[in-house]
Ligand SMILES: Nc1ncnc2c1ncn2[C@@H]1O[C@H](COP(=O)(O)OP(=O)(O)OP(=O)(O)O)[C@@H](O)[C@H]1O
Ligand SMILES: [Mg+2]
C-alpha cells in the first residue's frame, strides 16, 4: 500500500476509542436509513401482492383506479372488446373484493376474495393441499396460508364457514409469493361464485387480465383499450402505480422521507462531530507532518482516505446489521414487510458518501489552516 | 561540498501590528557552512526559534532572503517549499512530536512515507536508522514506552532517515537530564555531523557547548556576537 495511505489508516484505526465511536455513528445511521427504506420497500412490495401473485402481464381497469385494492367494476362488454383486440392472445375477468366470514366462535372476520375466470382459472395459486379442480365443487373456496391464515382459525380441507351468509367450504390450501399488506386473509374462488356470494354494484369485472401474443403487441393493446375509455397497464406499471399511491396519496412517502432525513442528520451529526474531534485531536500530528514537508494535497488525501474508510466500513456494518435484523424478523414473522433493495442500498450509500464528504471538508479546512511554525514552537 | 549550506541576508520577522508589534528577528545576516555544527544561544524570547523557522522554510520572513544550497527558498511555491523541507532539512522538534499511535520504526519512517516510498521498504530503512541510534530492539514499541533520551534519539533518527543535508534542532536537551543531553549531542557530533552536512542547534544548555564549531549569540532579535566555543565557555 502507498505509504501515506497506510499511515493515515494507522493513525485512524490505532485510535481505537475514536475509531469505534466513528464506526458506531456511521453504522447506526446507515442501519436506520436502510431499515426505514427497507420497511418502506417491503410495504410497497406487499401493496402489490395481488398483482404479483396473479401475475398477468397486462391489466385492464377503469382509468380512475389508484391502487389494486380500490378496483372499480367494469361492464361485461369491456371483456369482449378486449378479447377482440388484435395482439390479445386471451383475456379473462378477475374479481377482487372483500367478504365477511363468520367464524365458529360467532365473530366476523373480513377476508379478501379473488374470483378467478371459471374456464381458465387464470392466475390460480400454487396449492399445498387439495386439487385446483375442486374449486368448482359446491361452495368451494381455496384459502391462502399466509401470515393472516390464522385469522380464519387455520382452516383445513373440509372446514366450512359462512361467507356473507352463504355456506363456504375449504377445498384447498395455497401458498403465494407475497402476502397482502392489509392484514386480511385471502380466499380464492371462481369468478361466478364470487359475484354470486358478494353483493355488488351493477358492474362486476374488477380487472381484465390480458395475455398479449407478444410483448411487442402491448403498446397497440394499450392504445385500443384507451380508445374504449379504459386503461391497460403492464404488470410493472401497475406495481409502480400501487407504490406511487402509497408514496404520494397516503402520506407514507412523506413520513419515510422525513425519517430517512432524520437518520441522515443524526448520522451526520454523530459521525461528523466525532470525525472532526478526531481531526482536532490529531492537529498536532498533521502539523508535524506539514512541518516535516507534507504537501497540502497529501494531507487532503490522508483525511479523505480516513473519512471514506470509516464511511465504507460503517456502511458495510450498517447494511449487515439491517440484513441480519430483517432476516431474524422474517424467521419469526413470515410476512414481515421489509425488503432490502438496491434503491435502499443506493440511498444509504449516497447519504454515507455525503456524510464522509461533509466531515472531511471541515477536517481538511482545519488541517490546511495549521501553521507549522506553531507546531515547531511547541 | 562547495558554497554555503545556508546563507541569510537582512532577515526580519515580526509579529502583530502597531503597539503589539514584536520584532522577533531583526536584520540578521548569517552564513553556515557544510561540516559545521552551529549553536544559536540567547535568552528566552530573543527570537531563536523564529530565526530557525525562517531559515528552514517553516516561517516566511517579512524581510531578507534565505538561500539554502544556492536556492532562494522563500521564492518557492507552497509545494516546492514542502518538498524542500522534506528533502533538505531534518527537524528535531523541541518536544519531539512523535506519533503516539505509531510504533518507533513507523515514527522514524514518516519522512519516507511522505516521499511515496513503499511501506515495508520504509520500515526496513527506518529500522536501520534505529540501529544507528542504538534503538533497534525498540522498533516495535510505541514512543510512550521509551525514556526521554530514547525518544530524543527516535526523533533524531526520524530527522536523519531521509538523509537531509541540514539538521535543525531546537532545544534538543531541554527535557533531558544533563548526562543524557550531553550523550545525545555527543552522539550527533560523532555520528551525524559530516563534511557534507550542516547542523544548527538552538540551546540554553552550556554543558553541550563543547560540540559546537561556532556559537552565535542572539539577543532581542539580533545576532550579536559570533564566538567560538572556547571564549563563550570562558565567560561561563
Ligand atoms: N506567533 C507569534 N505571534 C506573536 N508573537 C510571537 C509569535 N511567535 C513568537 N513571537 C514572539 O517573538 C519573540 C521571539 O520568540 P521565539 O519563540 O523565537 O523566542 P526564543 O528565543 O525561541 O525563546 P525560547 O528560548 O523561550 O524558546 C517572542 O517575543 C515571542 O513572544
Ligand atoms: Mg524557542
Residues in the range B:4-61 that are part of a loop (DSSP other than H, G, I, E, B), closer than 20 Å to residue B:76 by Cβ and away from ligand 1 (no atom under 15 Å from the Cβ): how many?
-> 1
Options A:378, A:293; residue that is within 16 Å of ligand 2 (Cβ to nearest atom) and on the phi > 0 side of the Ramachandran plot | A:378
Hey, could you check the range B:106-125 for residues that are more than 9 Å from chain A (Cβ to nearest Cβ) and crowded, with 24+ Cβ neighbours inside 10 Å and say which is farthest from residue B:3 (Cα to Cα)?
-> B:107
Please work out which residue is farthest from ligand 1 (Cβ to nearest atom), limiting yourself to the range B:144-180 and to residues that are part of a helix (DSSP H, G or I) and within 12 Å of chain A (Cβ to nearest Cβ).
-> B:158
Scan the range B:126-137 for residues that are part of a helix (DSSP H, G or I), more than 12 Å from chain A (Cβ to nearest Cβ) and touching a helix residue (DSSP H, G or I) at 6+ places or on another chain (Cβ under 7 Å) and jot them down.
-> B:127, B:129, B:130, B:132, B:136
Would you check if there is a residue in the range B:108-125 being in a helix (DSSP H, G or I), under 26 Å from residue B:51 (Cα atoms), touching a strand residue (DSSP E or B) at 6+ places or on another chain (Cβ under 9 Å) and modelled with pLDDT of 95 or more?
-> yes
Can you find a residue in the range B:164-186 that is away from ligand 2 (no atom under 16 Å from the Cβ) and closer than 16 Å to residue B:131 by Cβ?
-> no
Sole exception among (1) more than 16 Å from ligand 2 (Cβ to nearest atom); (2) on the phi > 0 side of the Ramachandran plot for residue B:47, by number = (1)
Taking residue B:100 as the residue in question, decide whether it is touching a helix residue (DSSP H, G or I) at 6+ places or on another chain (Cβ under 7 Å), within 12 Å of chain A (Cβ to nearest Cβ), surrounded by fewer than 18 Cβ atoms within 10 Å (Cβ to Cβ) and touching a residue at least 40 places away in the same chain (Cβ under 8 Å).
-> yes
Flag for residue A:325 being over 23 Å from residue B:56 (Cα atoms), out of contact with any strand residue (DSSP E or B) (no Cβ under 7 Å at 6 or more places or on another chain) and modelled with pLDDT of 90 or more | yes
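The values are calculated or read from the model by the stated rules, or taken from the named source; none is laboratory data. Not measured: the values here are computed from a predicted model. Glycine gets a Cβ as well: all are built from the backbone with ideal geometry, and neighbour counts include every protein chain shown.
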